[in-house]
1. Distance from a point 7 Å along Cα→Cβ of ILE277 to each backbone N in the stretch 315-345: keep the residues under 13 Å and list them by number.
2. Put a dot 7 Å past each Cα toward the Cβ at GLU89 and ASN225; how far apart are the dots in nm?
3. Show me, for the stretch 88-98, the HN-Hα J-couplings you get by feeding each phi into the Karplus relation (A = 6.51, B = -1.76, C = 1.60, θ = phi - 60°), rounded to Hz, glycine and proline as x.
4. Under 18 Å Cα-Cα from LYS169, which lysines qualify once same-chain neighbours fewer than 8 residues away are excluded?
5. Sum -39500 (n - 2.57) across every DSSP H segment of at least 4 residues in the chain, then divide by the residue count to get the 222 nm mean residue ellipticity, nearest 500.
6. Under unit Cβ charges (Lys, Arg +1; Asp, Glu -1), what dipole magnitude, rounded to 20 debye, does the chain have relative to its Cα centre?
7. Could you order the peptides 40-51, 277-288 from most to least packed, using the average number of other C-beta atoms within 10 Å per residue?
8. What per residue convex hull volume, in Å³, do the alpha-carbon atoms of the stretch 384-495 yield?
Amino acid sequence: MRALRKGLKLVVVDPRKTELAEKAVLWLPLKPGTNVPLANGIAYVILKEGLYRKDFIEARTENFEAYANYILSEWPLERAERMTGIRREHIEHLAHLYARAEKALIFWGLGVTEHRSGSQGAMAMANLALLCGHVGRPGTGAMPLRGQNNVQGACDMGALPYTLPGYQKMADPLVRKKFQDIWGVPLPEKPGLTETMMYKEALEGRFKALYVVGYDVAMTHGNLNRVHEALSRLDLLVVQDIFWPKVADFAHVVLPSACLFEKDGTTDNGERRVQRIRKLIDPPGEAWPDWKIIAEVSKRLGYEMPYQSARDIFEEMRRIMPSFSGITYERLEERSLCWPVPDEDHPGTELMFQERFSRDSGKAFFAIPKHWGPEDKTDTDYPFVLITGRRLQHYNCGSMTRRVEGLLELLPEELVEINPKDARKLRIRERDPIKIVTHRGEVTARAHITTRVRPGIIFMDFHFEDPLTNILTSPGIDTEVHTPEYKVAAAKIVKL
């Protein structure tokens, strides 16, 4: 908001007119699931009109020629216009704004990644930044906005099935030897399963046990009926959380953990900024910090974790992760630091990619972003597109925010956003009870008639246990990393 007051030009791309879209110089309400066609259409204009940064591309990128040929041959503006529903002059206007700006930022959230082409969409956005040289300088970049506190930190610590802490490659024998020497055990040579694949394997009887920490998969994952069936088939489900989540209804063991202000440690946000978290109060009852519970479980399984505090774990992180080597608790007492911090004299790296990229060649690589349409297709029986997302008043599964009286007063129940034209056709009035039906199931909620959504689109959040919105979402998953396709489901509305 401060930047807007100083003259920033804001463009919002979203099928729904959010609060931010109302403040934008340009709002592009694209058809849900067409992020890749839009980004490739913008790239077409930039390439066709020669608006790209030739010097930057030649010095700092690879695969430009193949990318340019792909865009110019496969993504003419007519195709992008037809697929996205955005008029070509608006695509051209955005391309000119972005390419001619001295500084430009692209931010995206789950509206880009929660599609079958989610990974492709992220790569298409990064390509635009490379085309125009909007990388490695202050006020530029292409950045995903993290959805929750310390998501970045979890990834940094290796909570991904295909990487070790610090994004070190599991396939590198020297890397594996370093970890094996410090931990004293052999490491798997093959990557593990993504979460979505875990449920698939559980349904097929090959995946037997799941340990869930601070995450209500029974409320927030997509295509929930399938997830619930997978959870019920497990031989062992352990849930560790600060409140009793819905997933605990399926659990064999539930372990109470301390919340953020009941433990010491560090957190890391989307700009790689590591900050100290300091304990304010003791946890209630038998709740322990997460690290202590995991260390105790590990001990019972026969592997001793000798940590006595969160700081002990941080010291091991410094030994094992070059990007954290120079970060100490003493330094964090003075100020936060952005990794990589290779030594204790290093000031931290607030701006990445100024001289080289993190690939072995030091150059960025132009991906060839492909488009796969949504798994669900609308038809005469299911004519509406259901989009799911969050609202300002609540957070994720609502396990914390629904305990706050003031927030519940602001938004006490789920509401289905429907355009006035659709409401008139279906004879639905404000707050009428309606049933939303998809190929996966049905839920009941009240209608909220608003121009925030366009005709043919309805919007619901997933903050409430009743209705359990994510029962409705698509079975589609991202082709690369298997993120569920939350954002596009074919639906029908039944007035009750």
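FYI, it's all coordinate maths here, none of it is from the lab. Not measured: the values here are computed from a predicted model. Here the Cβ positions follow ideal geometry from the backbone for every residue, glycine too, while neighbour counts run over all protein chains shown.
1. none
2. 4.7 nm
3. Using θ = phi - 60°, the values come out as 4, 5, 6, 5, 5, 4, 5, 4, 5, 4, 6 Hz.
4. Output for LYS169: LYS177, LYS178, LYS190.
5. -8500 deg cm²/dmol
6. Taking the Cα centre of the chain as origin, the dipole is about 1500 debye.
7. Highest to lowest by the protection proxy: 40-51, 277-288.
8. Measuring per residue, one finds 103 Å³ for the Cα hull of the stretch 384-495.
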